[in-house]
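Quick notes on the structure that follows.
The values are calculated or read from the model by the stated rules, or taken from the named source; none is laboratory data. Small disclaimer: the values here were computed from a predicted structure and weren't measured. Here Cβ is always computed from backbone atoms with ideal geometry, including for glycine, and neighbour counts include all displayed protein chains. Ligands, DNA and RNA are stripped out before the accessible areas are found, and what is left, the full protein with its side chains, is counted by its heavy atoms. Shrake-Rupley method; radii C 1.70, N 1.55, O 1.52, S 1.80 Å.
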Amino acid sequence: MGRYFVRRLLWMMLVLFVVSAITFGLMHAVPGGPFSREKALPQEILDNLNARYHLDEPLVVQYARYLYDVMIPRFSLLEKDPDGGYIKPIPSLVDDFVIRFNIGAVEFKWMNFGPSYASRSRTVNDVFKQQLPVSFQLGMMSLGFALLLGVPMGILAALKQNTIWDYLGMSVAIFGVSVPVIVLGPILVWIFGVSLKWLPPTGWGSQPPYVLGLFPSNLGPEFFKYAIMPSVALGLVSSASIARLTRASLLQVIREDYIRTARAKGLMERLVITRHALKNSLIPVVTILGPLFAALVTGTFITEQIFGIPGMGKYFVTSITNRDYPVIMGTILLYAILLVVANVFVDLMYAYLDPRIRYD
Amino acid sequence: MAPKVLEVKDLATQFKTRDGIVHAVNGVSFELQEGETLGIVGESACGKTVTVLSILGLIPSPPGKVVSGSAHYLGKDLLTMSDEEIRFIRGAQISMVFQDPMTSFNPVLTIGRQVAEPIEIHQGVSRKEALERAGELLALVGIPNAKERLSDYPHQFSGGMRQRAMIAMALACSPTVLVADEPTTALDVTIQAQILDIVKRLRDQLGMAIIWITHDLGIIAGLAQRVNVMYGGFIVEEAPVKELYAHPQHPYTIGLLGSLPRLDASTHTRLVSIDGVPPVLMKKPTSCPFAPRCPFVMDRCLQENPPLLSFDTHHRVACWVDPKTGGARA
């Protein structure tokens, strides 16, 4: 298991390196730059800006500088203050590390993703700390909703195959697949937010600081009041595909020989399904959880726009039109990390569900 | 004569498919006495498995349906029982061993858990006690280090071990009747012999009745007391095992016995096969189902399906022809 993890970790490094190289190459290949304006800036100012952000250097040097800033940890000594503690420096604008802690007088700093060119008072790290958790929470909520609705719906449809329950469940699934967020979102807002006034039509229910940097600190009715509509709007499509997959998989499993064996033992039908069929039928469902998770966490842009949620989607999209190089690199690398980690998680889930799969 | 434990009368099962109704079993009647071993032989798709699955209510429905008949177990009809009633018979009083040990175990549950399951549900003991019993059962069927292997998963067992575990599972509640559906077909010959030894030993120890389904006449000869030969969803011949081998009456049985390789034949003798293919069961036959392949076929065979009639005290056959003379049966 340990060796397996090390191997996966090394592969992850390689994947991230390749992703970063391709992204870096592509974004510099696109015409225009962060300081291109409709009314061009004077050449002197442009030169100054480029020199300030090292954009006048050759691309390879810029890339190496980026990797150096992100990957190499820095250490510095802190000054003692009169009370016996240490004085922590106020982070400067262009020097903001994702990880920063001190052991005694030694401060440890790691992963500097650089400044944002477009909003000069912010760094990429600010975006990560303030916007990413919101998108992450929205993504997790919709994934949870998709699972909570999709799996039971699929099970019901399979067990009551060709009955009204099956048709009803699959109709909901078809509806979910066919109606995009951009239609469903405003309809939900209009019904529950504007007409019935049950739920707030816009906004998000959690603020920094976040637990572990990602999770809301106020996981209660107040949080869910805001989260429920966007999660439903974003998660319905996925719940539909989960339901269809669960149904197909369970229908296949209940025709297996070992299900007949279980019945021949005199097991109650309820136990035949819960003990013998469910675990087997969920294996294919777990397979799509990895890509689904990535799709939900990264695909929140439209949902965030409709519901006015201060998430990451907006920064991700505008950073590209603005040629805001550090934000593009940072967000894409982050999404890449999320994807890789989600896939490792899925592989571990496999091993849990299916004893024939063991990693060593 | 020992009392009957199972009496099947006029059992018929059909499957609805897109192309029409498949008549898998067409009015089968037989009895099973206490402690007796009954063999059911016949080629693939002749209705052997469907017959026993129908009795236990294990036919996948839809598309399958038992359309007529009765199956009395100790006086009670299994076919009209509620799901809850028959659940207490399955696995406890009538248990089954299936053909393919590779697919008949749940791959994600441990062997111990699966073997212990019938004990747990039928005898109402705790899971821990049931597991202990399962360990004893595995030892009984000759699995080495049985206690340690309880926590193994099916893929860690070989085919022969899985089939032994399957037998252990079937015997868990000391059933009155053991139904074995081609339990040795998927195994190689040496393992077959071991499994047969185990079954014979346990049969003598526990005194249960066995229905053994197979297409291997060699196995039946050494195991069963009585044999039903099935063809096209009908029982075409029924006789005590020695009588059947010595005086087969149905042309199909004669063909089956003729196709067995013999140790005393010269090495240049070709194996005999029955010409033609098994019947398509899409419509209920009005003539003898074996007529198209029968070397003795007469006009009457093509017009009327022969009923299963007594030929001798314990020997019944469904055929218009007397194979000795080639003429009509007296």
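Report the FRET efficiency, 1/(1 + (r/R0)^6), for A:ALA248 and A:VAL194, where r is their Cβ-Cβ distance and R0 is 41 Å, rounded to 0.05.
Details: r = 39 Å, r/R0 = 0.94.
Step by step, r from the Cβ atoms, then E = 0.60.
Tell me, what is the FRET efficiency for A:PHE17 and A:LEU148 to the nearest 0.05, using R0 = 30 angstrom and their Cβ-Cβ distance as r?
On the way: r = 37 Å, r/R0 = 1.24.
So, using R0 = 30 Å, E works out to roughly 0.20.
State the Cα centre-to-centre distance between the range B:223-272 and the range A:291-360 in whole Å.
What the calculation gives is 68 Å, centre to centre.
So how far apart, in nm, are the two label points at A:ARG74 and A:ILE103 if each is 7 Å from Cα heading toward Cβ?
2.0 nm
Which of the residues in the range A:251-276 lose at least 50 Å² of accessible area when you go from the chain alone to all protein chains together (probe 1.4 Å)?
A:ASP257, A:TYR258, A:ARG260, A:THR261, A:ALA264, A:LYS265, A:GLY266, A:MET268, A:ARG275
Kindly tabulate the residues in the range B:82-115 with an accessible-area decrease of at least 50 Å² between the chain alone and the assembly of all protein chains, using a probe of 1.4 Å.
B:ARG87, B:PHE98, B:THR103, B:ASN106, B:PRO107, B:VAL108
Stokes-Einstein diffusion coefficient for the range B:1-135 at 10 °C in a medium of 1.306 mPa s, Rh from the Kirkwood formula over Cα pairs: what value in µm²/s?
Values: Rh = 16.8 Å.
My calculation gives 95 µm²/s for D.
Would you mind computing, in nm to one decimal, how far apart the modelled labels at B:ASP264 and B:LYS324 are, each placed 7 Å from Cα along Cα→Cβ?
So the label points at B:ASP264 and B:LYS324 sit 2.1 nm apart.
For A:TYR4, put the label point 7 Å out on the Cα→Cβ axis and report which residues of the range B:85-124 keep their amide N under 20 Å from it.
From the range B:85-124, the list is B:107-111.
Name the cysteines of chain B that stand alone by the Cβ rule: no other cysteine Cβ under 4.7 angstrom.
Taking the Cβ cut-off of 4.7 Å, the unpaired cysteines of chain B are B:CYS46, B:CYS173, B:CYS294, B:CYS319.
Take each uninterrupted DSSP H stretch in chain B, measure its Cα extent along the helix axis, and return the ones at 15 Å or beyond whose mean Kyte-Doolittle hydropathy is at least -0.5. Write out the running numbers ahead of the final one.
Numbers: long enough: B:111-123 (19 Å, -0.32); B:127-140 (19 Å, -0.23); B:159-171 (18 Å, 0.47); B:189-206 (25 Å, 0.22).
Helices passing the filter in chain B: B:111-123, B:127-140, B:159-171, B:189-206.
Let me know the volume per residue of the alpha-carbon convex hull for the range A:132-311, in Å³. Intermediate results must be reported in sequence, preceding the final value.
On the way: hull volume 23.8 nm³, N = 180.
About 132 Å³ per residue, rounded to a whole number.
Given a Förster radius of 30 Å and the C-beta distance between B:ALA139 and A:THR274 as r, what FRET efficiency does 1/(1 + (r/R0)^6) yield to the nearest 0.05?
Working: r = 30 Å, r/R0 = 1.00.
Efficiency computed from Cβ-Cβ geometry: 0.50.
What's the extension gain from B:VAL277 to B:PHE88 if we count 0.36 nm per residue and subtract their Cα-Cα distance? Let's see the in-between values first.
Numbers: separation 189, 0.36 × 189 = 68.04 nm, distance 4.04 nm.
Length gained, B:VAL277 through B:PHE88: 64.0 nm.
Measure off, as a whole percent, the carbon and sulfur share of the 1.4 Å-probe accessible area of chain B, all protein chains present. All intermediate terms of the calculation are to be shown ahead of the outcome.
Details: 8150 of 15000 Å².
The value for chain B is 54 percent carbon and sulfur by accessible area.
Sort A:50-63, A:226-239, B:260-273, A:147-160 by the packing proxy (mean of other Cβ within 10 Å over each peptide's residues), most packed first. Write down the numbers at each step before the final one.
Details: A:50-63: 13.4, A:226-239: 24.4, B:260-273: 8.1, A:147-160: 20.8.
The most tightly packed comes first, giving A:226-239, A:147-160, A:50-63, B:260-273.
What does the extension gain come out to for B:LYS200 and B:SER44, with contour length at 0.36 nm per residue minus their alpha carbon separation? Walk me through the numbers on the way to the answer.
Values: separation 156, 0.36 × 156 = 56.16 nm, distance 2.49 nm.
Length gained between B:LYS200 and B:SER44: 53.7 nm.
Name all residues of the range B:132-169 having a backbone nitrogen under 15 Å from the label point set 7 Å from the Cα of B:THR190 along its Cα→Cβ direction, giving them as ranges.
B:158-161
With a point put 7 Å past each Cα toward its Cβ, work out how far B:ALA2 is from A:HIS28 in nm, to one decimal.
Here the answer is 8.8 nm between the modelled labels.
Show me the ranking of peptides B:86-95, A:114-123 by mean Cβ neighbours inside 10 Å, starting with the highest.
Numbers: B:86-95: 21.9, A:114-123: 18.1.
Result, highest mean Cβ count within 10 Å first: B:86-95, A:114-123.
Sorted from largest down, what three extents in whole angstroms do the Cα atoms of the range A:204-360 have along their principal axes?
Computed over the range A:204-360, the largest-to-smallest principal extents equal 65, 40, 27 Å.
Mind pulling the angle between the C-alpha long axis of helix A:283-298 and the longest principal axis of chain A? Nearest 10 degrees, somewhere in 0 to 90.
Once rounded, the angle reads 30 degrees.
Can you tell me what percent of all Cα-Cα pairs in the protein assembly as shown are more than 36 Å apart?
59 percent
By how many degrees, between 0 and 90 and to the nearest 10, does the Cα long axis of helix A:132-159 differ from the longest principal axis of chain A?
Once rounded, one gets 10 degrees.
Could you tell me which residue out of A:ALA158, A:THR298, A:ALA173 lies farthest along the dipole of the range A:132-311 toward its positive end? Charges go on the beta carbon: Lys and Arg +1, Asp and Glu -1, centred on the Cα centre.
The residue sitting most towards the positive pole is A:ALA158.
Ignoring everything except DSSP H segments at least 4 long, calculate the 222 nm mean residue ellipticity for the protein assembly as shown; use -39,500 (n - 2.57) per segment, divide by total residues, nearest 500.
On the way: 25 runs with 318 residues, N = 690.
It lands at -14500 deg cm²/dmol.
Where the convex hull is taken over the Cα atoms of chain A, what is its projected area averaged over directions, in nm²?
25.6 nm²
Using only protein heavy atoms and a 1.4 angstrom probe, determine the accessible area buried between B and A, summed over both sides, in Å² to the nearest 100. Write out the running numbers ahead of the final one.
Details: alone 16040 and 19880 Å², together 33760 Å².
Summing both sides, the interface buries roughly 2200 Å².
Taking only protein heavy atoms into account and a 1.4 Å probe, give the accessible area per residue of chain A in Å².
Values: 18760 Å² over 360 residues.
So chain A comes to 52 Å² accessible per residue, rounded to a whole number.
Taking all protein chains in place and a 1.4 Å probe, what share, in percent, of the accessible surface of the range A:132-311 do carbon and sulfur account for?
Values: 5730 of 7930 Å².
C and S atoms contribute 72 percent here.
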